[in-house]
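Everything below concerns the one structure shown next.
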Amino acid sequence: MPAHTDHPAIKALRDLFEQQRPSATTEQALKGLRDAFLGRKSGHITEQLKRIATFPPEERRDFGAQVNALKAQIEAALDGLHDTLQAGQKPAGAVDVTLASREIPIGRIHPLMRVRQQVEDIFARMGYEILEGPEVEDDFHNFEALNMPPDHPARDMQDTLYLAAPIVGGTWGAHRGRLPKAQVRAATLLRTHTSAMQIRYMKTFPPPIRIIVPGRVYRRDNLDLSHTPMFQQFEGLVVGPHVTLADLKGTFEAMLRELFGDVKVRLRPSFFPYTEPSAEVDITCQACAGAGCGTCKHSGWLEILGSGMVHPAVFEAVGYDPEQVTGFAFGLGIERVAMLKYGVDDIRLFYENDLRFLEQFPL
Amino acid sequence: MKIQLSWLREFVDVGDPAEKIARTMSLRGFAVEGVEPLGTADAVLDFEVTANRPDCMSVVGMAREIATAYGLKMRVPPGLPLETSRASRQDPAHVRRGVRGAGSTASRDHRAVDPPTITIAIDDPGLCSRYVGLMADVTVGPSPSWMQARLQAAGIRPISNIVDVTNYVLLELGQPMHAFDFARLAGAQIRVRPARAGEAIRTLDGQTRTLSSDMLVIADGERPVAVAGVMGGADSEVSETTPTIVLESAYFDPLSVRRTSRKLGLKTEASMRFERGADPSMAALAMARAAALLEQIGAGRTRGAAIDRYPKRHKPGTLRLRRERIAGLLGAAVPDKDVRRILERLGFTPQPAAGGWRVAVPTRRVDVTREVDLIEEVARHYGFDRLPVTFPALTAAPAPPDPRITRARQLRQALTAAGFFEAVTFGFVAEAAAAPFAAAGQTVPIANPLSESFAVLRPSLLPGLVDAVAHNRRRQRADVRLFEIGARFTVSAGERRAVACACTGAAAPEHWSGASRPMDFFDLKGVVERVGEAFGLDIHTAPCDHAWLADGRRAAATADGAPVGVFGELAGSVADAHGLARGEPVYVAELDLDELERLSAGRAFRVEPLPRYPSVARDISILIADTLPAKEVRRTIREAAPPTLVRVAEFDRYQGKGIPADSVSLSLRLTFRSSDRTLTDAEVQTAMDAVMAALRDRHGAIQR
């Protein structure tokens, strides 16, 4: 481009653009500015372009070049303005990403079932069959076959709820291909433990046995901080030719460590009519890590389950030969595990079904 | 059982402080509930004695356990003719066997100047195999303070020197005793006999109790003077002026005492020991101890020798104990010397025999009747902590889990994904709460309910679930969705498993973008269908007439033609009864899991090939009577359309302006597709014409 001064009209137009340029702070104002200068019909530049033909031939070329140069400058400036504006302004359809989300409704598994599923999974991996049994039972399966004949003092340990009249109990074990013969017929009481299923199972299937039976059980306990008339438990049974108390120890250590993390496990002699020897199983206190606190009555230990070697009388009741097989059995309260694991100090919370409680548990 | 440490130390020289003893013994099978310090040097230990160990409901019993745990020898306090390690011993020499003088001729004290004596007879040796009686001339007064202190530490109230001596012996040796005022025994006789039906006795607690013929009593010549093994009678109670007493030390049948105690609702220190099993060998020993104590504290002197009626002798048992069996059960061999040491310290007598021992069992060990009981004794004192840690070997392929467990997990997944929280409610409910959900006479009452609110087994999960909804509503929760999986019970169907849902509030959570519509019947219907899907079943719906659901918004669900459950809006009356506010409808559903499981059994899922040709959708809007169920419309369409109709669904329903009264405008979308070609417009149109014609003919539908 020749290095001489601009035509006055071009200079005026340039000044006009520079003057109006700061006002283009919105997309709309920018569009106005663009139309004013570059509009096809009456834009300032367009008009100057139309004037080119009116210039004498010797000036025509120079003026034309100046107009086109200005046009290019203005276009570039407008594009620059547009980019700045775009950068500073929210795009079409933009949202305030900090506004509250639309909640996707999702419920929660009950904490007791959460624990139950976890325990089921642990035992399933150890090769246990998991099955359920009926909640109403007869005296034979709930007591007698478990070495608790009528008037046995140990029946006091489990104050029983009886039905006013017998009803038909639920079914179990259909998954084994056929409905076992040992179904519940006239049920007369609410089972006080799921051990009743161990009897049904042993009466139906030969050893070896490795089962775990989760479910609801009932005892005549009033509601308080640590008692409910209905609670959930697991009862397990392992029977084979060489099952030992040492195996029981190993099984619980594996299971309890998986459930509670790095805890110590100890066995304490105890008494249950259906096991001999019997043992309570303790873990190091969850609240104080074994140092001793109110939760563990300053012993550093918490009782977590009852267990023992299956009493020979139980084997005899189901037609097994106690000289040929041994076994261990155990019972684990699901509430107790959940209370220790999640720091729940009132068992009733599990049965109030208060959403403020239930929704605290993770998915 | 609360025992003073200093008392224990009379029997075993254990040096550890109380806390340490408590820890040691809790690992030997005797959990200690608490330790209370008593002064600076003494303490009271509260041992938890399991139901199988009545022999340890005594100082001597616990001392024997402590001695075994600590490897110490028992010692016998002076004046106590006690056996310590032998399984069985003859009675002390000065307790003369009464069998010689059986019948009416009682033993006599040569010193007395022909005073009246007591005669003792046992009618049924099966219920009372031993009865030791002893007369004493006494001066009733308070017992010495050391005796009172020991009783009080054990939680027993001192009464008088005579009663305190009997209680002292009870605590020390575990043998319940009783003292009668001799002058109040008509005919100077004691007869152990069954009660006569309707016979009454006023017991020491002041209550008059009517007895039945299955109860055993101690009677005099006329009437019962004690309920055997449970409680004495008030009429023969020792009073401040009693000059002569008869002491009783007996063995009563555990079952009989237990039944009597339960029937009378009377549990005493004596009954608790007898029903678990007293030691028949102890009856005479305890009597000797009581006699010695009476003299020692200056309460009186015995008159003559004790009369010991022992018609049915208990023989100590002998059990085989195999070395290999110990190892087989415990998973580790226990050295012979430990086996012997433990058993001997506990009072067993092991004699070497092939493969192990023959072990004589002392009569006090009522819990030891099999080899395995001996193994437990060995394991207990050898220490469970010394056993190795092993893992049971798998010798067979594990069976798959019960499908109902797998299914319950699927249901939990499906329902939590639908926004429902799992609830767990009790298996029993109040009768009134159950009533709407069961036909008359179908609820199952509990014979001994805890309270009215737990009176019957739930015939449905819904009363509990609706209560849980109400609980949350009262706590400002507007939107509540709950489900439960569990058993329900009726008289005729017995125990059946069910899944129930209850929900109220908005269909979707509140959001700033707009108001959510309230939940309605069709939200619930979707949930019910989702449950069906979890079983691979299509749920069909028809109106039903269950009174606990709101008229017009209630339905029965079927699958494969079989009823599987009901759902709808909870009837206002039921909602009221659960304390729910009117105008906030609660939608409930309950489906029978056993039935769903049965219907879905054996169904294998297979994928279908994806369609290769496009589908064609056509909409149709018709005007029909508003009483005509949509299901009928769909059925007519399906019947009229060719097999290429793959889907028909309502997408709009309108009543109001521009629609005649009692009519409704229903719009449906029909989707056609063929598996072997692309359908032509003409084909689809022909199908639509046929559909419209059928709707017109069958339902008088007008196309809009």
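The values are calculated or read from the model by the stated rules, or taken from the named source; none is laboratory data. Here the structure is a predicted model, which means the values were calculated and not measured. All Cβ positions, glycine included, derive from the backbone under ideal geometry; neighbour counts span all protein chains shown.
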* To do: Could you please give the count of residues in region B:375-421 that are outside any loop (DSSP other than H, G, I, E, B) and either within 30 Å of B:VAL527 (Cβ to Cβ) or hydrophobic (A, V, I, L, M, F, W, C) (or both)?
  => 20
* Structure fact -> The number of residues in region B:186-203 that are free of Cβ contacts under 8 Å to residues at least 60 places away in the same chain and buried (at least 18 other Cβ atoms within 10 Å of the Cβ) is 2
* Asked: Since B:SER460 meets every condition but one in (1) touching a Leu at 6+ places or on another chain (Cβ under 9 Å); (2) of a type in the set (Ser, Thr, Tyr); (3) under 30 Å from B:ASP520 (Cα atoms), which condition does it not meet?
  -> (1)
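When only residues in region B:409-421 that are within 20 Å of B:ARG598 (Cα to Cα) and more than 8 Å from chain A (Cβ to nearest Cβ) count, which is surrounded by the fewest Cβ atoms within 10 Å (Cβ to Cβ)? Walk me through it before giving the result.
We begin by selecting, within region B:409-421, every residue within 20 Å of B:ARG598 (Cα to Cα); these are B:409-412, B:414.
Those left that are additionally more than 8 Å from chain A (Cβ to nearest Cβ): B:410-411, B:414.
Values: B:GLN410: 14, B:LEU411: 22, B:ALA414: 17.
Filtering first and then ranking leaves B:GLN410.
Is one or more of the residues making up region A:327-341 charged (D, E, K, R) and away from chain B (no Cβ under 14 Å)?
Going through region A:327-341, the residues charged (D, E, K, R) turn out to be A:335-336, A:341.
Filter once more, so that each one left must be away from chain B (no Cβ under 14 Å): A:336, A:341.
Within region A:327-341 (the criterion being charged (D, E, K, R) and away from chain B (no Cβ under 14 Å)), the answer is yes, since at least one residue qualifies.
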* Structure fact -> The condition of being crowded, with 24+ Cβ neighbours inside 10 Å, assigned to a loop (DSSP other than H, G, I, E, B) and not charged (D, E, K, R) holds, among B:VAL225, B:VAL246, B:VAL238, B:VAL257, only for B:VAL238
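Can you pull out every residue in region B:295-330 that is within 14 Å of chain A (Cβ to nearest Cβ) and in a helix (DSSP H, G or I)?
Quick first cut of region B:295-330, residues within 14 Å of chain A (Cβ to nearest Cβ) only: B:319-322, B:324-330.
Selection gives B:GLU324, B:ARG325, B:ILE326, B:ALA327, B:GLY328, B:LEU329, B:LEU330.
Go through region A:281-363 and tell me which helices (runs of 4 or more DSSP H), entirely inside it, have 2 or more residues that are surrounded by fewer than 19 Cβ atoms within 10 Å (Cβ to Cβ) and in contact (Cβ under 8 Å) with a residue 24 or more places away in the chain.
On the way: elements: A:312-318, A:334-342, A:349-352, A:355-358.
Where helices (runs of 4 or more DSSP H) fall fully within region A:281-363 and carry at least 2 residues being surrounded by fewer than 19 Cβ atoms within 10 Å (Cβ to Cβ) and in contact (Cβ under 8 Å) with a residue 24 or more places away in the chain, they are A:334-342.
Name the residues in region A:1-44 that are in a loop (DSSP other than H, G, I, E, B) and either of a type in the set (Ser, Thr, Tyr) or closer than 17 Å to A:GLU75 by Cβ (or both), would you? Give the steps one after another, and end with the answer.
Of region A:1-44, the ones in a loop (DSSP other than H, G, I, E, B) are A:1-7, A:24-26, A:39-43.
Within region A:1-44, A:MET1, A:THR5, A:ALA24, A:THR25, A:THR26, A:GLY39, A:ARG40, A:SER42, A:GLY43 meet the criteria.
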* To do: Only residues that are over 16 Å from B:ARG634 (Cβ atoms) and surrounded by 14 or more Cβ atoms within 10 Å (Cβ to Cβ): list them for region B:676-695, please.
  => B:LEU679, B:GLU683, B:VAL684
* Mind telling me which of the residues B:ARG582, B:ARG673, B:ARG653 ends up being without any contact (Cβ under 8 Å) to a residue 24 or more places away in the chain and surrounded by 12 or more Cβ atoms within 10 Å (Cβ to Cβ)? => B:ARG653
* Asked: Could you list, in sequence order, the residues of region A:238-259 that are touching a strand residue (DSSP E or B) at 6+ places or on another chain (Cβ under 6 Å) and surrounded by fewer than 23 Cβ atoms within 10 Å (Cβ to Cβ)?
  -> A:GLU253, A:LEU256
* Asked: So which of B:GLU584, B:GLU639, B:GLU650, B:GLU683 ends up being touching a helix residue (DSSP H, G or I) at 6+ places or on another chain (Cβ under 9 Å) and in a helix (DSSP H, G or I)?
  -> B:GLU639
* Restrict the check to region B:368-380 and report whether at least one residue is in contact (Cβ under 8 Å) with a residue 24 or more places away in the chain, away from chain A (no Cβ under 11 Å) and either at negative phi or among the charged types (D, E, K, R) (or both). => no
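Residue-by-condition table, conditions (1) over 18 Å from B:VAL424 (Cβ atoms); (2) of a type in the set (Gly, Ala, Ser):
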{"residue": "B:VAL469", "(1), (2)": "no, no"}
{"residue": "B:ASP479", "(1), (2)": "yes, no"}
{"residue": "B:PHE489", "(1), (2)": "no, no"}
{"residue": "B:ALA493", "(1), (2)": "yes, yes"}
{"residue": "B:ARG497", "(1), (2)": "no, no"}
{"residue": "B:CYS503", "(1), (2)": "no, no"}
{"residue": "B:PRO509", "(1), (2)": "yes, no"}
{"residue": "B:ALA515", "(1), (2)": "yes, yes"}
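Can you find a residue that is assigned to a loop (DSSP other than H, G, I, E, B), surrounded by fewer than 15 Cβ atoms within 10 Å (Cβ to Cβ) and more than 14 Å from every other protein chain (Cβ to nearest Cβ) anywhere in region B:562-575? Give the steps one after another, and end with the answer.
The initial filter retains those residues of region B:562-575 that are assigned to a loop (DSSP other than H, G, I, E, B), namely B:571.
Applying the additional criterion that residues be surrounded by fewer than 15 Cβ atoms within 10 Å (Cβ to Cβ) yields none.
No, every residue in region B:562-575 fails to be assigned to a loop (DSSP other than H, G, I, E, B), surrounded by fewer than 15 Cβ atoms within 10 Å (Cβ to Cβ) and more than 14 Å from every other protein chain (Cβ to nearest Cβ).
In region B:388-408, what residues are more than 7 Å from every other protein chain (Cβ to nearest Cβ) and without any contact (Cβ under 8 Å) to a residue 12 or more places away in the chain?
Taking region B:388-408 and keeping what is more than 7 Å from every other protein chain (Cβ to nearest Cβ), we get B:393, B:397, B:406-408.
Those that are more than 7 Å from every other protein chain (Cβ to nearest Cβ) and without any contact (Cβ under 8 Å) to a residue 12 or more places away in the chain: B:ALA393, B:ALA397, B:THR406.
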* Asked: Is it the case that some residue within region B:209-220 is in a loop (DSSP other than H, G, I, E, B), more than 17 Å from B:GLU275 (Cβ to Cβ), of a type in the set (D, E, K, R) and without any contact (Cβ under 8 Å) to a residue 60 or more places away in the chain?
  -> yes
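Could you tell me whether region A:269-280 includes any residue that is acidic (Asp, Glu), in contact with a Phe, Trp or Tyr (Cβ under 8 Å, 6 or more places away or on another chain), in a strand (DSSP E or B) and buried (at least 19 other Cβ atoms within 10 Å of the Cβ)? Before you say what the answer is, go through the steps one by one.
At the first step, the residues of region A:269-280 found to be acidic (Asp, Glu) are A:276, A:280.
Add one more test, that the residue is in contact with a Phe, Trp or Tyr (Cβ under 8 Å, 6 or more places away or on another chain), and what stays is none.
Looking for residues that are acidic (Asp, Glu), in contact with a Phe, Trp or Tyr (Cβ under 8 Å, 6 or more places away or on another chain), in a strand (DSSP E or B) and buried (at least 19 other Cβ atoms within 10 Å of the Cβ), one finds none in region A:269-280, hence no.
Identify all residues within region A:220-246 that are among the small types (Gly, Ala, Ser), more than 8 Å from chain B (Cβ to nearest Cβ) and outside any loop (DSSP other than H, G, I, E, B); write none if there are none.
Quick first cut of region A:220-246, residues among the small types (Gly, Ala, Ser) only: A:226, A:236, A:240, A:246.
Going one step further and asking which of them are more than 8 Å from chain B (Cβ to nearest Cβ), we end up with A:226, A:236.
Answer for region A:220-246, where residues must be among the small types (Gly, Ala, Ser), more than 8 Å from chain B (Cβ to nearest Cβ) and outside any loop (DSSP other than H, G, I, E, B): just A:GLY236.
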* To do: Check region B:261-281 and report whether any residue there is in contact with an Asp or Glu (Cβ under 7 Å, 6 or more places away or on another chain), assigned to a helix (DSSP H, G or I) and surrounded by 21 or more Cβ atoms within 10 Å (Cβ to Cβ).
  => yes
* **Checking A:ARG266 against (1) at pLDDT below 95; (2) in a strand (DSSP E or B); (3) surrounded by 23 or more Cβ atoms within 10 Å (Cβ to Cβ), the condition it does not meet** => (3)
* Asked: Would a scan of region A:267-279 turn up a residue that is of a type in the set (Lys, Arg), within 27 Å of B:ASP367 (Cβ to Cβ) and touching a Pro at 6+ places or on another chain (Cβ under 8 Å)?
  -> no
* Structure fact -> Looking across region A:104-133 at residues that are over 20 Å from the mean Cα position of the chain (by Cα) and small (Gly, Ala, Ser), the single one that is modelled with the highest pLDDT is A:GLY127
* To do: Consider A:PRO207 carefully, then state whether it is farther than 29 Å from B:PHE428 by Cβ and surrounded by 17 or more Cβ atoms within 10 Å (Cβ to Cβ).
  => yes
* To do: From B:GLU83, B:GLU65, grab the single residue that is modelled with pLDDT of 50 or more, among the acidic types (Asp, Glu) and assigned to a loop (DSSP other than H, G, I, E, B).
  => B:GLU83
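Select from region B:425-437 the residues that are at the interface with chain A (Cβ under 7 Å from one of its Cβ atoms) and buried (at least 23 other Cβ atoms within 10 Å of the Cβ) and list them in ascending order. Step through it out loud before you land on a result.
Keep residues of region B:425-437 that are at the interface with chain A (Cβ under 7 Å from one of its Cβ atoms), which gives B:425-427.
B:THR425, B:GLY427, listed by residue number.
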* Check on B:LEU645, outside the structural domain of B:ALA423 (by TED's automatic domain parsing) and modelled with pLDDT of 95 or more -> yes
